[in-house]
Amino acid sequence: MRGDVALLGSEGRGDSAFMRHVLACGNAVLPGNRLPFRLGAHQVGWVRPDFAAALAAEPGVAQDGQGVCLLLAGALPDLARRTADCGLHRWRNEAFDVRESTGGPVLAQIDRGALPAYGIEAVGVHVNGIVEGPDGPSLWVARRAPSKALDPNKLDHIVAGGVPAGLTPEETLVKEAREEASIPDTLARQARQVGVVRYAMERFEGLRRDTLLCYDLVLPDHFRPTPGDDEVAGFELWPLWRVAETVAAGDAFKFNVNLVLIDLLIRRRIIRGVEAATLREALGRIAAVP
């Protein structure tokens, strides 16, 4: 096993190499020039001024000095359909629940493709598929299919996906595990939540306000994941030191996967000491953005 990965900082690579992923995912400044988007009295998102102007022209939407307000929360799905038809964002035909805060009551639903334009929080599950071996831990790494609309061909977790409307995170995990990696439900249910990663990020599709629920799933060494749908091109089993070096070296992994892997590398003491503490502090800072 490579034992020197935790010392990358002393070689001039580690701290800045890992930190740049944290800073990239936390690059949004809020409110900045964005305006609050409300459902009645509940603020659920942040919108750019040009998008706010487009919304204000829609029936049932009011704009004032405190932002943009959709008076009836139940009208949100139809509003998002119209703004998608106007070419203001993508349409993915997958409903997500809308809340004022993580875990709060569901106020409405909106298509997943509209989330970045409206600056509404999305919740996802990310699973570290771990194999404990005599030479140290290994991780199952997926490669996203070239047909994926976002981040094609990037490396990914064995299981990862957004939590759709009406499902709990645990139900989503089991569903995605079955569909993406052919993991039996009984095995998927052994996953244990180990952390939460939050960030606000400006991307080409808009504002990503994501909450990632991080899970560890220890898999038997004889298990081999296989793609169950067309979203994954294949899987490879990597020693954890190789995962660390790849995260530090570039952008081979999907942007937000890096944050979950950094959390794993800290917990497994591949990243440790001052560097681990600095990264933990930075992850906390980007999680505090509204």
Subject >> Highest-fluctuation residue, PRO225, PRO184, PRO239 considered, GNM on the chain with Cα pairs under 10 Å >> reply: PRO184
Original post:
Using alpha carbons only, how many degrees (0 to 90, rounded to 10) separate the axis of helix 76-85 from the longest principal axis of the chain?
Top reply: 90
**OP:** Would you kindly state how much longer the chain becomes between GLU132 and ALA62 on full extension, computed as 0.36 nm times their sequence separation minus their alpha carbon distance, in nm to one decimal?
**Re:** 19.6 nm
Subject >> Rounded if a/c under 1.5, otherwise prolate or oblate - the range 104-166, Cα gyration tensor axes >> reply: oblate
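Which trypsin sites (Lys or Arg not before Pro) from the range 182-273 combine a DSSP loop assignment with at most 16 other Cβ atoms within 10 Å? It would help to have the intermediate numbers written out before the result.
Details: sites: ARG189, ARG192, ARG198, ARG203, ARG208, ARG209, ARG242, LYS254, ARG267, ARG268, ARG269, ARG272; in loops: ARG189, LYS254, ARG268, ARG269, ARG272.
Within the range 182-273, the qualifying trypsin sites (Lys or Arg not before Pro) (loop, at most 16 other Cβ atoms within 10 Å) are ARG189, ARG269, ARG272.
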**OP:** Go through LEU79, ALA56, GLY103 and say which Cα lies farthest out towards the positive end of the charge dipole of the range 35-116; charges sit on Cβ, +1 for Lys and Arg, -1 for Asp and Glu.
**Re:** GLY103
Subject >> Kirkwood estimate for the chain, i.e. one over the average of 1/r between Cα atoms, Å >> reply: 19.9
Original post:
So how much slack lies between THR186 and ARG267, counting 0.36 nm per residue of separation and subtracting their Cα-Cα distance, in nm?
Top reply: 26.6 nm
**OP:** Run the quick spin-label model on ALA288 and ARG48: label points 7 Å from Cα toward the beta carbon, then report their separation in nm to one decimal.
**Re:** 2.9
Subject >> Lys, Arg +1 and Asp, Glu -1 on Cβ, resulting dipole of the range 119-161 about Cα centre, debye, nearest 20 >> reply: 260
Original post:
Relative to the longest principal axis of the chain, what angle (0 to 90°, nearest 10) does the C-alpha long axis of helix 169-181 take?
Top reply: 60
Original post:
Of all DSSP beta bridges in the chain, what percent run antiparallel (nearest 5)?
Top reply: 75
Original post:
So, in Å, what gap is there between the alpha-carbon centers of the range 18-62 and the range 175-209?
Top reply: 24
Subject >> Student exercise, the chain dipole from Lys, Arg, Asp, Glu Cβ charges, in Debye to nearest 20 >> reply: 420
Subject >> Segment ASP251-VAL194, extension gain: residue separation times 0.36 nm, minus the distance between their alpha carbons >> reply: 18.1 nm
Original post:
Among ALA53, ALA188, ALA114, which one moves the most in a GNM of the chain with springs linking Cα atoms closer than 10 Å?
Top reply: ALA53
**OP:** Just flag the GluC sites (Glu not before Pro) in the range 199-283 sitting in loop per DSSP whose Cβ has no more than 14 other Cβ atoms within 10 Å.
**Re:** GLU205
Original post:
If you build a Gaussian network model of the chain, linking Cα atoms that sit under 10 Å apart, which residue out of ASP251, ASP229, ASP64 swings the most?
Top reply: ASP64
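We did not get these values from a lab; they are worked out from the coordinates using the rules stated. The shown structure was predicted, so the numbers you read here are calculated from the model rather than taken from an experiment. With ideal geometry, Cβ positions are generated from the backbone for all residues, glycine too; neighbour counts draw on all protein chains shown.
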